[in-house]
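The values are calculated or read from the model by the stated rules, or taken from the named source; none is laboratory data. On a predicted model such as this, the values are computed, not experimentally measured, just so you know. Note: ideal-geometry Cβ built from the backbone for every residue, glycine included; neighbour counts use all protein chains shown.
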Amino acid sequence: MFKLGLIINPIGGVGGSVALKGSDNMVEQALALGAELKANARTQAALTVLLPYKNDIEIYTANNQMGEQAAKALGFEVKLIYQTDSETTQAEDTEKALLALLSAHVDIILFAGGDGTARNIASVISKNVENNEYPQVPVLGIPAGCKIHSGVYAITPTAAGRVVELMLTKQLVTLTEGDVMDIDESLFRQGIVKAKRFGEMQIPSELRYVQAVKSGGKESDELVLQDISEEVIAKMVDNEDNLFIIGSGSTTDFLMHELGLESTLLGVDLVQNQCLMANDVTESILWQQLMIAKGANKNVNLVITLIGGQGHIFGRGNQQLSPRIIRYIINQPCGKENVIIIATKTKLTQLNNKPLICDTGDNELDQLLSGFMPITTGYKDQVLYPVSSPL
């Protein structure tokens, strides 16, 4: 079941129709002038696109006009994760609802509002990234504000629904960083636009198969693998004390050669501080190393690739990665983000929309690993791709 997070700022854009050029601190005045609340209607325009997939979606949201009403009116299954008594919600409501959605581990979060709402969302996301409390979740804005300067919104409400539809139909959805911008509304009302950047958030962008390094319209494998390796090595530099488990396969083998390290093509290697710790380790030795890392309070990352044409990421050629090994890795802070899956987009498209497969031998773990996971496909280039159990 696809878990869609939804937050609506009911007063988003309320000042627009009455020429107040914003909603900040202007709600009562706008309503007194006859303004109508339109954020819910715009959200329903986005959700309408998803009606054909209604039976495959659970919408996690807050009560009343923060999401419940819009979703139930269209017949979606709704799970309430936050309650507010206020009809004109505050920034605090948006932030608390977002925290509840992060703890629910939804697949994506749609939010409706303007740049002020985006700032509220970004502030919580930023703190979460710093504290590593919950895995990072992509977000996307449904434009419902008076001013939309931020790069985290779809171009229309319908477009927001289309992006989610791409995920539901198991197409490649590129992840990128969108800037959160806002302007000084008091100056804006004087005709002065003064925008300021308040951060960035991970968003799903439009479907994009072709990246910058190309040869004749196709991926140049060596250049793409170099890009992928550069991204993983950058993570190693940023997390130099982490223990990196490098799984089997030709893509991970290329990474090891880029590091200048001996590789076990059909085995599992250990790397720390970009230095080789051990080659071709067994499950028991790997577990011992995890316990050593735990005692030293060091995080562990797993770098794996998929079997071309089949899509298996666990259970084929890497049985050293046993259920207890995998559980340890994903039970650390950041959860499944500790698993770094690397693959070229060519390799992913050859799966013909089939999901990646987890066949660990532990059905509960396979289900836990299921859902959308980011796949590193280049330098600062990721796509969301579905992962499924073999059942």
Within the bounds of the range 323-335, is there any residue that is on the phi > 0 side of the Ramachandran plot, modelled with pLDDT under 95, touching a Pro at 6+ places or on another chain (Cβ under 8 Å) and not in a loop (DSSP other than H, G, I, E, B)?
yes
Here are some conditions: (1) touching a residue at least 40 places away in the same chain (Cβ under 8 Å); (2) under 29 Å from TRP287 (Cβ atoms). GLY378 meets all but one. Which one does it not meet?
(2)
LYS72 vs (1) in a helix (DSSP H, G or I); (2) surrounded by 14 or more Cβ atoms within 10 Å (Cβ to Cβ): all pass except (2)
Considering LEU351, LEU365, which residue is in the same structural domain as PHE254 (by TED's automatic domain parsing) and not in a loop (DSSP other than H, G, I, E, B)?
LEU365
Give the range 268-318 a look and list any residue that's of a type in the set (S, T, N, Q), in contact (Cβ under 8 Å) with a residue 60 or more places away in the chain and in contact with a Gly (Cβ under 9 Å, 6 or more places away or on another chain), or say none.
ASN318
Those residues that are outside any strand (DSSP E or B), touching a strand residue (DSSP E or B) at 6+ places or on another chain (Cβ under 8 Å) and under 18 Å from ALA39 (Cβ atoms), I need them from the range 54-69; list them, please.
ASN63, GLN65, MET66, GLU68
Does SER389 count as at pLDDT below 85 and not hydrophobic (A, V, I, L, M, F, W, C)?
yes
List the number of the failed condition for ALA160; all other conditions in (1) modelled with pLDDT of 60 or more; (2) in a loop (DSSP other than H, G, I, E, B) hold.
(2)
If we keep only residues of the range 251-309 that are surrounded by 14 or more Cβ atoms within 10 Å (Cβ to Cβ), small (Gly, Ala, Ser) and not in a helix (DSSP H, G or I), then the residue farthest from the chain's Cα centre (by Cα) is ALA278
In the range 343-389, residue farthest from ILE108 (Cα to Cα) [restricted to those that are of a type in the set (Ser, Thr, Tyr) and in contact with a helix residue (DSSP H, G or I) (Cβ under 7 Å, 6 or more places away or on another chain)]:
THR360
